[in-house]
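As structure tokens, the structure follows; a few thoughts come after it.
Please treat every number below as a calculation from the coordinates, not as lab data. Computed from a predicted model, the values in this text were never measured in an experiment. FYI the Cβ positions are ideal-geometry reconstructions off the backbone, even for glycines, and counts take in every protein chain you see.
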Amino acid sequence: MPPLISIIIPHFARPGLLAEAVESVRVSTAKCFEIIIVDDGSSVEDWRAVQLLADEQTKVLQRLDGQKGPSRCRNLGLAEATGDHVIFLDSDDLMAPWCIEDRMNQVVLNPGADLWVFPVMLFKKVPGDMDLHWNAMTGACDPAERFARSDPPWHTSSPLWKRESLLRLGGFNEEVFYGDDSDLHLRALVDGLIVSLYPEALPDAFVRRSEEPRITNDLSQELIESRRVRLREGTRFLKSRSGTSRLLDWWEGQYFVEAEFLLFNQRCSSDAVRAVLNDWEQAFPRPLLLRFIVLAYFSVALACRRHAYLVLRVARRVAMKVLPAEYFPTGGQYHSARAGDDAMKALVARLIEIPT
């Protein structure tokens, strides 16, 4: 019998989309899987709908204690998993019917890896209605550096994990709510897990980017705090490992990136920006001149962003000239899939075969 694969799906308050995700797994060409749904405290009505999805291949659990969030739910699912291998699927995303079979074929060909990583594609309503990959898995810098500079080369659903390797890594960091997948992948790379990449493979999972509300798109105080937690946890981890000085340089830049994100995206951001900068000063004691330039730039930016936007842009140009390049990283963009029309035609051809 082929090795069993555990598909772990965290869920909160969207049972309709969850049902679509589960059905996309059930029509897989390979049948050697179990589905583990972990609900994160949805309403009574939604929980009832989730329970209706249970069957002989689908286990439904509810998180009743501990840290709320996808990391906690995924770890609970991992603890229940019986498969030799694991795929994490978000509750609003979809899996291609060929996903499990094609990924397991690569495990047979390359059994020494700890995780096998495949491209995934974005969609709005149905797979194939967008021509964007999550990101390019190839590039000038190594994957660890890309995760450290917030240019994640792959998505939560991209890897097929060896379960014992995940357990050895400690699973997801339950303190991290936002960016939990990047946190996990960076730790895996720094700790030397063997990664096998398949950038030329056909996308086999689909990440929803529709108008549906997403928790991580709402800049609530809780989410802003969770973004700070991600920075602090990443700093703590990288400082605990030797040979990560270059990664720490890029990671330090993420404090600056986060402060600018809040500056330009949060209406009442003064306190939030100052909190991030305070975290940066505590984590990375830097020369007085560098600290002065950073704090001066954000003081000018906060004062000018509404009524003197041109001054703000000039101040930013000056900051880019004098501050480290790590403070202004590039990347983190979705990647056009049109580079290979033949690949797109093959994808469309296989999508047509999906049962409806």
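Placing +1 on the Cβ of every Lys and Arg and -1 on the Cβ of every Asp and Glu, with nothing else charged, gives region 1-63 a dipole about its Cα centre of roughly 120 debye. Each Lys and Arg Cβ is given +1 and each Asp and Glu Cβ -1; about its Cα centre, the chain then shows a dipole of about 1440 debye. For the chain, what class follows from the C-alpha gyration tensor (a ≥ b ≥ c being the square roots of its eigenvalues): rounded when a/c is under 1.5, otherwise prolate if a/b is larger than b/c, else oblate? Prolate is the answer for the chain, as a/c is 1.5 or above and a/b outweighs b/c.
For the pair ALA19 and GLU101, what calculated FRET efficiency results from E = 1/(1 + (r/R0)^6), where r is the Cβ-Cβ distance and R0 = 25 Å, to the nearest 0.05? Can you show the working numbers first?
On the way: r = 23 Å, r/R0 = 0.91.
So the FRET efficiency works out to roughly 0.65.
Take the Cα of LYS124, step 7 Å toward its Cβ, do the same at LEU323, and the gap between the two points is 3.5 nm. Taking a sphere under 10 Å around the Cβ of LEU189 and counting the other residues whose Cβ falls inside, with K and R at +1 and D and E at -1, yields a net charge of -1. Note on ARG241 and LEU167: their simple-model spin labels are 2.2 nm apart, each label 7 Å out from Cα toward Cβ.
Packing-based ranking of 128-136, 50-58 yields 128-136, 50-58, ordered from highest to lowest mean Cβ neighbour count within 10 Å. Full extension of the chain segment joining ALA308 with SER270 gains 12.0 nm, where the gain is 0.36 nm per residue of separation less the Cα-Cα distance. Taking +1 at the Cβ of each Lys and Arg and -1 at the Cβ of each Asp and Glu, which of GLY234, PRO199, ALA315 sits farthest along the dipole of the chain towards its positive end, judged by Cα position relative to the Cα centre? It is ALA315, whose Cα lies furthest towards the positive end. Here the Karplus relation 6.51 cos²θ - 1.76 cosθ + 1.60, evaluated at θ = phi - 60°, turns the backbone of region 169-180 into coupling constants of 6, x, x, 6, 7, 6, 6, 9, 9, 9, x, 5 Hz, with x for every Gly and Pro. Which listed residue (VAL27, PHE118, ALA259) has the Cα farthest towards the positive end of the charge dipole for the chain, taking +1 on Lys and Arg C-beta and -1 on Asp and Glu C-beta about the Cα centre? In the chain, that residue is ALA259. Mean-square fluctuations from a GNM of the chain, with a 10 angstrom spring cutoff on Cα atoms, peak among GLY41, GLY192, GLY179 at GLY192. Taking the centroid of alpha carbons for each part, region 1-39 and region 59-106 are 7 Å apart.
Here's how it looks for GLN62: its modeled amide H is under 5 Å from those of ASP39, which are all 5 or more places away or on a different chain. Between PHE33 and ILE5, the built amide H atoms are under 5 Å apart, and every one of these is 5 or more places off in sequence or on another chain.
Using θ = phi - 60° in the Karplus curve 6.51 cos²θ - 1.76 cosθ + 1.60, the 3J(HN,Hα) couplings for region 186-197 round to 5, 4, 4, 5, 5, 7, x, 5, 7, 10, 10, 9 Hz; x is entered for Gly and Pro.
Quick check: from the Cα gyration tensor, does region 219-323 come out rounded (a/c under 1.5), prolate or oblate? Intermediate results must be reported in sequence, preceding the final value.
Working: a/c = 2.40, a/b = 1.39, b/c = 1.73.
Oblate, since a/c reaches 1.5 and b/c is not below a/b.
Expressed to the nearest 5 percent, the antiparallel share of DSSP beta bridges inside the chain is 35 percent. A 28 angstrom limit on the alpha carbon distance is what I want to check against. Which of LYS124/LYS239; LYS124/LYS321; LYS31/LYS125; LYS125/LYS162; LYS59/LYS162 exceed it? Cα-Cα > 28 Å for LYS124/LYS239; LYS124/LYS321; LYS125/LYS162; rest within. Comparing mean-square fluctuations of LYS321, LYS31, LYS68 from a GNM of the chain with C-alpha springs under 10 Å, the top value falls on LYS321. Using the alpha-carbon centroid of each, what span in Å lies between region 161-180 and region 223-288? Going from one Cα centre to the other spans 21 Å. Taking the Cα centre of region 129-279 as reference, the dipole from Cβ charges on Lys and Arg (+1) and Asp and Glu (-1) amounts to some 460 debye.
Between CYS141, CYS99, CYS32, where does the largest GNM mean-square fluctuation fall for the chain, given springs only between Cα atoms within less than 10 Å? Judging by the Gaussian network model, the answer is CYS141. Taking the 0 to 90 degree range and rounding to the nearest ten, how far is the long axis of helix 341-352 tilted relative to the main principal axis of the chain, both from C-alpha atoms? Approximately 50 degrees, to the nearest 10.
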